[in-house]
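*Asks:* Following this message is one structure expressed as structure tokens.
The values are calculated or read from the model by the stated rules, or taken from the named source; none is laboratory data. As the structure is a prediction and not an experimental result, all values here were calculated from the model. For neighbour counting, all protein chains shown are included, and Cβ atoms are generated from backbone atoms with ideal geometry for every residue, glycine included. What goes into the accessible areas is simple: the full protein's heavy atoms, side chains included, and nothing from ligands, DNA or RNA. Shrake-Rupley method; radii C 1.70, N 1.55, O 1.52, S 1.80 Å.
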Amino acid sequence: MSAVFNFTFVPWFRSVAPYIHTHRGKTFVVGIAGEAIAAGKLQSIAQDLALIQAMGVRIVLVHGFRPQVNEQLRAKGHEARYSHGIRITDEVALDCAQEAAGQLRYEIEAAFSQGLPNTPMAGATVRVISGNFITARPVGIVDGVDFQHSGSIRKVDVAGLLRTLDMGALVLLSPFGFSPTGEAFNLTMEEVATSVATALQADKLIFLTEVPGIRMQPGEPASDDNPIDTELPLAVAEQLLAQLPTPQQPTDTGFYLQHCVKACKAGVERSHILPFALDGALLLEIYVHDGIGTMVIDEKLESVREASSDDVGGILQLIEPFEKDGTLVKRSRTEIERDAHLYTVIEHDGVIFACAALYPYPEAKTAEMAALTVSPQSQGQGDGEKVLKRIEHRARQAGLTSIFVLTTRTMHWFIKRGFQPVDPDWLPEARKRKYNWDRRSQVLVKKLG
Ligand SMILES: CC(C)(COP(=O)(O)OP(=O)(O)OC[C@H]1O[C@@H](n2cnc3c(N)ncnc32)[C@H](O)[C@@H]1OP(=O)(O)O)[C@@H](O)C(=O)NCCC(=O)NCCS
């Protein structure tokens, strides 16, 4: 073992601990696109899911099978037919879908049964259980198009799913549902995952897809200046969806987003779009602070919001004790009144519990986050983090590439959240002139990737 190993492994492992604690006992519904399996990613995804399950997460896995069904259709000399973005499932397509689902189920069960020594699956005992948990009805005839055996979901057997999860099993669902007359209907993976997540009121809905997430400027090509937006508040995601054309293909920006928004509106607090192409995408999204895909989040606290001049009294009351003990620099009422629009606050029942301001330096493509405060009675419940996330979002929206803070006592809180110490010389000129060399605040910068 190399001498540096202890110094990298131990802090790294400890940094993951809060996420392990947070997610233990939670329910995640994971939808994996058929393309991921076609691309040979099943083994590594199964290994990651087994690890996540071992850390106490209850998992429902829904697989897609679009490319597999199309391949079977091609082999039979038939063409895949779609309308309104939904497959038209005739007799042949139904046959192909059943064959593809059967094959994929075996492959997935096999992947979870590995356990060779010295592999990530050694010692893993994942019990995979599938079943008739979904009742479906036909899509029927829409605008004159008969969808035949394509269905949509009528009911999810929540009690059955919960009992299976309580047994410690991983639930595996294929995109099929059955009618009370015993007919099988072809569903979409996305609809099954969304409906199951909603019915279970799951803690997360995660799509592992062929797209990397939603970019800051959605219709523009990928570039360093157009990275993935790691966090979309539900309201912003809804606005974006309303502006996008109706998605038809899984690679259309709105395709997975529409399901994330639907789930979030129906009570699933967090929905994620992740690229299966990136090895370990699930682990990076779930156990690392910033994640790598896009998370649509319903801040139940609609209370996280931008401040207005009505909040000045509440902000003053909140920050005053920290100005008195020297944690924060003193700000006058006039200053806060002038800058109220730069503040983000968390409010519960008319009381301001947390705040921070964002002072932009557009010439340097950065901004200072100042006066981050959480009221002493609600510290330690993640409010500081929520404000930070919103501030980061505001900064990204403004086209900035970093944010910085000046702190004398809270360095570690920021470092844990991706900030890095820099020399005060790093500061934009206009801010450097105001830097108080007596206070000797530490400057910390976070790049907005
Ligand atoms: C720093 C602050 C904003 C964090 O808010 P919060 O809502 O408590 O933060 P979160 O719930 O997201 O995170 C809590 C974690 O941060 C840690 N933490 C709190 N204050 C810290 C500090 N000064 N230094 C390092 N870690 C700190 C807590 O111990 C807790 O750790 P844990 O998750 O391992 O238990 C809040 O403590 C505060 O208002 N402090 C006084 C004002 C201040 O220092 N502002 C920063 C000015 S630059």
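*Asks:* Counting only other residues whose beta carbon sits under 11 Å from that of Thr188, what net charge do I get with K and R as +1, D and E as -1?
*Replies:* Net charge around Thr188: 0.
*Asks:* Name the residue, out of His259, His21, His393, whose mean-square fluctuation peaks in a Gaussian network model built on the chain with Cα pairs under 10 Å.
*Replies:* His21
*Asks:* Tell me which residues come under 5 Å, amide H to amide H, from Val62 once H is placed; ignore anything under 5 positions away on its chain.
*Replies:* For Val62, whose amide H was placed from the backbone, the distant partners under 5 Å are Val30, Gly31, Ile32, Leu173.
*Asks:* Would you calculate a helix-derived [θ] at 222 nm for the chain, using -39,500 (n - 2.57) for each DSSP H run of n ≥ 4 and dividing by the full residue count, to the nearest 500?
*Replies:* -11000 deg cm²/dmol
*Asks:* Using a simple charge model, +1 on the beta-carbon of Lys and Arg, -1 on the beta-carbon of Asp and Glu, nothing else, what dipole does the chain show about its Cα centre, in debye to the nearest 20?
*Replies:* 1120 debye
*Asks:* Take the residue pairs Lys26/Lys262; Lys324/Lys365; Lys41/Lys204; Lys324/Lys389; Lys26/Lys446; Lys386/Lys447 and return only those whose Cα atoms are more than 25 Å apart.
*Replies:* Result: Lys324/Lys365; Lys324/Lys389; Lys26/Lys446 exceed 25 Å.
*Asks:* Quick one: putting +1 on the C-beta of Lys and Arg, -1 on the C-beta of Asp and Glu, what dipole do you get for the stretch 53-136 around its Cα centre, in Debye to the nearest 20?
*Replies:* That gives the stretch 53-136 a dipole magnitude of about 280 debye.
*Asks:* Just going by the charge dipole of the chain, with Lys and Arg at +1 and Asp and Glu at -1 on Cβ, which of Ser441, Thr27, Pro421 is farthest out on the positive end?
*Replies:* My answer, from the dipole projection, is Ser441.
*Asks:* Under a 10 Å cutoff between Cα atoms, tell me which one of Phe28, Phe255, Phe13 has the largest fluctuation in the Gaussian network model of the chain.
*Replies:* Result for the chain, Cα springs under 10 Å: Phe13 fluctuates most.
*Asks:* List every residue whose amide H lies under 5 Å from the amide H of Lys26, counting only residues 5 or more places away in sequence or on a different chain, with H placed 1.01 Å from N in the peptide plane.
*Replies:* Residues meeting the criterion, in which the H sits 1.01 Å from N, are Arg58.
*Asks:* Have a look at Pro180, Pro428, Pro321 and tell me which one the Gaussian network model of the chain (Cα, springs below 10 Å) gives the largest fluctuation.
*Replies:* Largest GNM mean-square fluctuation: Pro180.
*Asks:* With the full set of protein chains in place, find how many percent of the accessible area of the chain is carbon and sulfur; take the probe as 1.4 Å.
*Replies:* Carbon and sulfur together cover 52 percent of it.
*Asks:* Could you point to the residue in Ala184, His78, Ala101 farthest towards the positive end of the chain's charge dipole, with +1 and -1 charges on the Cβ of Lys/Arg and Asp/Glu respectively?
*Replies:* The residue sitting farthest along the positive end of the dipole is Ala101.
*Asks:* Show me 161-174, 270-283 ranked by packing, highest mean number of other Cβ atoms within 10 Å first.
*Replies:* Descending mean neighbour count gives 270-283, 161-174.
*Asks:* List the chymotrypsin sites (Phe, Trp or Tyr not before Pro) in the stretch 404-449 that DSSP assigns to loop (not H, G, I, E or B) and whose Cβ has at most 15 other Cβ atoms within 10 Å. Which are they?
*Replies:* Sites meeting the loop and neighbour criteria: Tyr435, Trp437.
*Asks:* Per residue, how many Å² of accessible area does the chain show with a 1.4 Å probe?
*Replies:* 48 Å²
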